[in-house]
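*Asks:* I'd like to ask you about the structure that follows.
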Amino acid sequence: MAISFSLAGKTALVTGANTGIGQAIAVALADAGADVALAGRSEPAETLALIEKAGRRAVNIAADLSSTEPVARVVEEAVAALGRIDILVNNAGIIRRDDLLQFSEADWDAVIDTNLKTLFFLSQAAARGMVAQGGGKIINIASLLTFQGGIRVPSYAAAKSGVGGVTKAMANELAPHGVQVNAIAPGYIATNNTAALQADETRNRQILERIPAGRWGDPSDIAGAAVFLASPASNYVTGHVLAVDGGWLAR
Ligand code: NAP
């Protein structure tokens, strides 16, 4: 049987796709054949244009995902615009850095709410449709901090470790319905999320010295894994967290 990485005829919903990893994934899904809805709080003009340039339909759904308030509406608008959701990519995320001994409750709640709580309830809302239609793909953006503790980012480590857990929990219950749930754990990728680390000469050097590939990742480095996990080629892959990290975790 031919192995297919094509997303022709599929529809995708990607969160936080105005920039960075989310933008690279949204455009790659379109390049592979999918129509794409983008959900986020900033205008994703560049991403919409790139998807249309790839010859696919692009839809913008304005939503602040720091709470679950817009979740039902986001799914409704995506289905109204594209007919159904075959692929959900939970990419939107934030990070807050501070020393452990003074880390605030506000920085704890903000990161857990956006990176973990909304991810779960948006997945739940999209999965209801996927179960009804007999299949789908959910791809969560995890982190190296799904496996490690990190430095000065305790709420991020907790949220991303939680993403690994709910990825497996959702995979177990949705597998009988033809829905695969996986996560991608990006390594150190040059985006807004890591701007502070890139600007810190010492941390930048320490990070580069530890990456076997010897360079920061580019958002486009994540795109191939996302297309694989969105495509029929991964139909027997579920509950997996795929590191795309230039070898960091192997070190
Ligand atoms: P980024 O450039 O900061 O992108 C984050 C995206 O999430 C942006 O589109 C952002 O929108 C959106 N977002 C944040 N809070 C939101 C909210 N309340 N409502 C709607 N959208 C919101 O960083 P990135 O590196 O591409 O991050 C994408 C994902 O990869 C995140 O989950 C991050 O944790 C994860 N990740 C990144 C790295 C890395 O090294 N860069 C490594 C591991 C995991 P705005 O532009 O409006 O803020």
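The values are calculated or read from the model by the stated rules, or taken from the named source; none is laboratory data. Not measured: the values here are computed from a predicted model. Backbone-built Cβ (ideal geometry, glycine too); neighbour counts: all protein chains shown. Remember, those area values only see protein heavy atoms, side chains included, never the ligands or the DNA or RNA. Shrake-Rupley method; radii C 1.70, N 1.55, O 1.52, S 1.80 Å.
*Asks:* Near Lys53, which lysines are there with a Cα under 25 Å away, not counting those fewer than 8 places off in the same chain?
*Replies:* Hits, sequence-local ones excluded: Lys10, Lys137.
*Asks:* Give, as ranges by residue number, the residues of the range 32-54 whose backbone N falls under 19 Å from the point 7 Å along Cα→Cβ of Ala2.
*Replies:* Correct set: 32-34.
*Asks:* Same structure, new question: Keeping every protein chain present and rolling a 1.4 Å probe, give me the accessible area per residue for the chain in Å².
*Replies:* 45
*Asks:* Any idea what the relative contact order of the range 24-87 is, in percent, if you count C-alpha pairs under 8 Å spaced at least 6 apart?
*Replies:* 31
*Asks:* Given a Förster distance of 45 Å, report the FRET efficiency between Glu209 and Glu52 from their Cβ-Cβ distance, rounded to the nearest 0.05.
*Replies:* Once the sixth-power term is evaluated, E becomes 0.60.
*Asks:* Starting with the highest mean, order 144-153, 84-93, 192-201, 70-79 by the number of other Cβ atoms within 10 Å, averaged over the residues of each peptide.
*Replies:* 84-93, 70-79, 144-153, 192-201
*Asks:* Separate question: Compute the whole-percent fraction of alpha carbon pairs in the range 1-49 spaced more than 11 Å apart.
*Replies:* Counting every Cα pair in the range 1-49, those more than 11 Å apart make up 65 percent.
*Asks:* Carbon and sulfur: what percent of the range 1-144's accessible surface (1.4 Å probe)?
*Replies:* 52
*Asks:* Between Gln102 and Ile151, what is the FRET efficiency for a Förster distance of 22 Å, r being their Cβ-Cβ separation, to the nearest 0.05?
*Replies:* 0.95
*Asks:* Moving on. Using alpha-carbon positions, what is the distance between the centroids of the range 21-35 and the range 73-128, in Å?
*Replies:* The distance from the Cα centre of the range 21-35 to that of the range 73-128 comes to 19 Å.
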